[in-house]
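Written below as structure tokens is the structure these notes are about.
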Amino acid sequence: MPVQTAIIPAAGMGTRFLPASKSVPKELVTVVDRPVIQYAVEELVRAGITNICIVISEGKEAVTQHFAPNAKLEAILIEKAKHELLAEMQKLSNLADISSVNQDQPLGLGHAVWVAREHIGDDPFVVLLPDELLDPADNFIAEMIQTYQDTGSSVVAVDEVPHETIGSYGSIDPEPSDNDAMRVRALVEKPDPAVAPSDLALIGRYVLDPKVMQILEHTTPGAGGEIQLTDALEILAGEGRLMAQRYRGRRWDAGTKKGYLQATLALAFQHPELGGDFRSYLAGLGGPSTNA
């Protein structure tokens, strides 16, 4: 069955990004010229997915409003003959079919996925965590979907991280493989580096069989008193129904201040309009003049 729908969990409070996220949802913090949530939606669209449900919480309605038409703004752009900006705003509002659902309580990623179950129905789906920003030049989700279609198994995205940092991620125990797609034997959420099964970390991209929703419905709270998506994936791994796809491109954790700055620098360098001037400016300050 083709993968045509996606869930973007965006209900979190963004505590890692305070004070910037105190009154502005972290998903609307801008990296160069667009908010993080727009990068996420554009990534899904590149993979052919335009039916997207964003999971929000009270006070974060602006996350989905970013994609809604704004008649007043468009009228001003028409009046001022700003045709290129008008076309860009109209393209944004037609980018995808976007809906939203509220997560009333902060009960974990697994719960955030589960509350979007009616949007998914009986179809396979993608889960994308917008904090994890992948190089916009890539189309990695399409590779994951291909692996799902080839194997009939759910797929998680992984990236090799420095050993001392694996405790900040979920880690997989992979079967030996000669390529970037590998079967997963087990997962561990935020393991002690001394006992982590590998340095291959989950990076917030999942292509999931709809049966995952049934598992989540009966999953009890785990680490931190939350319903963990990793616990449901562990069941799939135990049944031999979970694959991992390794990502080899550039990735930034834009939900942290350091990762946000790194992403801004790297993507500003490659921006077609701003990149040249930005490089010159940094070079004049004695800063980096090559791609980050």
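The values are calculated or read from the model by the stated rules, or taken from the named source; none is laboratory data. Remember, predicted model here, so these are calculated numbers, not experimental data. For neighbour counting, all protein chains shown are included, and Cβ atoms are generated from backbone atoms with ideal geometry for every residue, glycine included.
For (1) surrounded by 14 or more Cβ atoms within 10 Å (Cβ to Cβ); (2) over 28 Å from E160 (Cβ atoms); (3) touching a Lys or Arg at 6+ places or on another chain (Cβ under 9 Å), each residue gets a yes or a no:
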residue: D199; (1), (2), (3): yes, no, no
residue: L202; (1), (2), (3): yes, no, no
residue: H218; (1), (2), (3): no, yes, no
residue: R241; (1), (2), (3): yes, no, yes
residue: A244; (1), (2), (3): yes, no, yes
residue: L265; (1), (2), (3): yes, no, no
residue: G284; (1), (2), (3): no, yes, no
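Contact map, the stretch 125-139: first residue in the same structural domain as A11 (by TED's automatic domain parsing) and modelled with pLDDT of 95 or more, second residue in a strand (DSSP E or B) and of a type in the set (F, W, Y), Cβ cut-off under 6 Å, separation 6 or more or different chains; pairs are V127/Y206; L133/W252.
Scanning the stretch 220-234 for residues that are surrounded by 17 or more Cβ atoms within 10 Å (Cβ to Cβ) and either within 16 Å of the chain's Cα centre (by Cα) or of a type in the set (A, V, I, L, M) (or both) gives I227, L229, T230, A232, L233. Mind checking which residues of the stretch 96-148 are over 18 Å from I49 (Cβ atoms), within 13 Å of the chain's Cα centre (by Cα) and in a strand (DSSP E or B)? Result: no residue meets the conditions.
Just give me the residues in the stretch 202-233 being charged (D, E, K, R), touching a strand residue (DSSP E or B) at 6+ places or on another chain (Cβ under 7 Å) and in a loop (DSSP other than H, G, I, E, B), in sequence order.
Let us first name the residues in the stretch 202-233 that are charged (D, E, K, R), namely 205, 209, 211, 217, 226, 231.
With the extra rule that they be touching a strand residue (DSSP E or B) at 6+ places or on another chain (Cβ under 7 Å), the set shrinks to 205, 209.
The answer is D209, and nothing else.
Considering I227, I215, I235, the condition of being more than 17 Å from A116 (Cα to Cα) and assigned by TED's automatic domain parsing to the domain that holds Y169 is satisfied by I235 alone.
Quick check, is I166 without any contact (Cβ under 8 Å) to a residue 40 or more places away in the chain and buried (at least 16 other Cβ atoms within 10 Å of the Cβ)?
Criteria met by I166.
Apart from one condition, E164 fits all of (1) within 30 Å of V29 (Cβ to Cβ); (2) part of a helix (DSSP H, G or I); (3) at pLDDT 95 or above; the exception is (3). Residues of the stretch 46-56 that are surrounded by fewer than 19 Cβ atoms within 10 Å (Cβ to Cβ) and either among the charged types (D, E, K, R) or over 17 Å from Y206 (Cβ atoms) (or both): R46, T50.
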